[in-house]
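First up is the structure itself, then whatever we jot down about it.
The values are calculated or read from the model by the stated rules, or taken from the named source; none is laboratory data. Everything numeric in this text was worked out from a predicted model, so none of it was measured. Cβ placement follows ideal geometry from the backbone for every residue including glycine, while neighbour counts extend to all protein chains displayed. SASA here: full protein model, heavy atoms, side chains in, ligands and nucleic acids out. Shrake-Rupley method; radii C 1.70, N 1.55, O 1.52, S 1.80 Å.
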Amino acid sequence: MKIFIIGMPGSGKTTIAKHLAKSLDYKYIDLDGLIEKEALMFIEEIFEKLGEDQFRELETDALKSLNIEDAVISCGGGIVIKKENKELMDGLKLYLDTDLEVIKERLENDYQRPLLKKTTLEQLFDDRFLKYQDFADVIINNNYDVEQTVKVILNYLKHEVNQ
Ligand code: S3P
């Protein structure tokens with residue numbers, strides 16, 4: 001099974017995906033990392049040199065190229081922008097629901113996302129929250145600590161998903 005972790009930048013997708021993959025003995029895949037390897041550029045450079053639309057194409061290409069099972073895939077925050085991505089995400093789509101206040105604190109110590117140079121977190125969330133809901137098979141709160149969130153996810157998988 002593939003598990004796609006979606007949510008806002010700073011919602012904790014990478015951390016949760018890594019821990020979840022470890023707990024399940026699944027592979028961990030960072031979709032942005034795949035895009036960077038394919039384009040031979042960092043995400044920031046792709047935005048600067050090619051622009052957001054081209055980045056979104058590369059993001060969809062990366063989804064199409066995923067040829068793997070038993071993996072937890074951490075997706076970029078904007079994966080929900082293109083409706084067609086939903087069909088390409090053939091697995092469990094898990095939305096990490098994290099309060100903007102918590103995200104702001106986490107992002108203070110993190111790298112500057114290219115999109116947040118020209119828009120606010122609130123604006124991004126306003127534009128996207130319905131899309132996250134639409135893509136999600138399950139919504140899991142991630143305001144607290146990693147262990148707690150992973151525990152909730154494992155419990156959900158055990159009871160709700162036939163693996
Ligand atoms: C983006 C989020 C980033 C990265 C790119 C675009 C977005 O990933 O894919 O900068 O549109 O929200 P993270 O969600 O891991 O920060």
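The table that follows gives values for the structure above.
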item: Given (1) in a loop (DSSP other than H, G, I, E, B); (2) more than 13 Å from the ligand (Cβ to nearest atom), number of the condition LEU130 does not satisfy; result: (1)
item: The range 142-159 residues that are assigned to a loop (DSSP other than H, G, I, E, B), paired with ones that are open to solvent by 30 Å² or more (accessible area, probe 1.4 Å) (beta carbon under 7 Å, 6 or more apart); result: ASN142/ASP97; ASN143/ASP99; ASN143/VAL102
item: Count - residues of the range 92-106 that are assigned to a helix (DSSP H, G or I) and either closer than 24 Å to LEU24 by Cβ or open to solvent by 10 Å² or more (accessible area, probe 1.4 Å) (or both); result: 6
item: Contacts under 8 angstrom Cβ, first residue in the range 51-67 being over 15 Å from ILE81 (Cα atoms) and of a type in the set (S, T, N, Q), partner part of a helix (DSSP H, G or I) and away from the ligand (no atom under 12 Å from the Cβ), 6 or more apart; result: SER65/GLU38
item: Unmet criterion (only one of (1) open to solvent by 60 Å² or more (accessible area, probe 1.4 Å); (2) within 12 Å of the ligand (Cβ to nearest atom); (3) not polar (S, T, N, Q)) for GLY7; result: (1)
item: Residues (aromatic (Phe, Trp, Tyr), under 14 Å from the mean Cα position of the chain (by Cα) and over 15 Å from THR98 (Cβ atoms)) located in the range 122-163; result: PHE135
item: Count of residues meeting criterion [out of contact with any Asp or Glu (no Cβ under 8 Å at 6 or more places or on another chain), open to solvent by 20 Å² or more (accessible area, probe 1.4 Å) and away from the ligand (no atom under 11 Å from the Cβ)] in the range 52-64; result: 4
item: Of the criteria (1) within 11 Å of the ligand (Cβ to nearest atom); (2) within 22 Å of THR149 (Cα to Cα); (3) without any contact (Cβ under 8 Å) to a residue 24 or more places away in the chain, which one GLY77 fails; result: (3)
item: Within the range 25-51, tally of residues that are surrounded by 13 or more Cβ atoms within 10 Å (Cβ to Cβ) and either among the aliphatic types (A, V, I, L, M) or under 18 Å from PHE4 (Cα atoms) (or both); result: 15
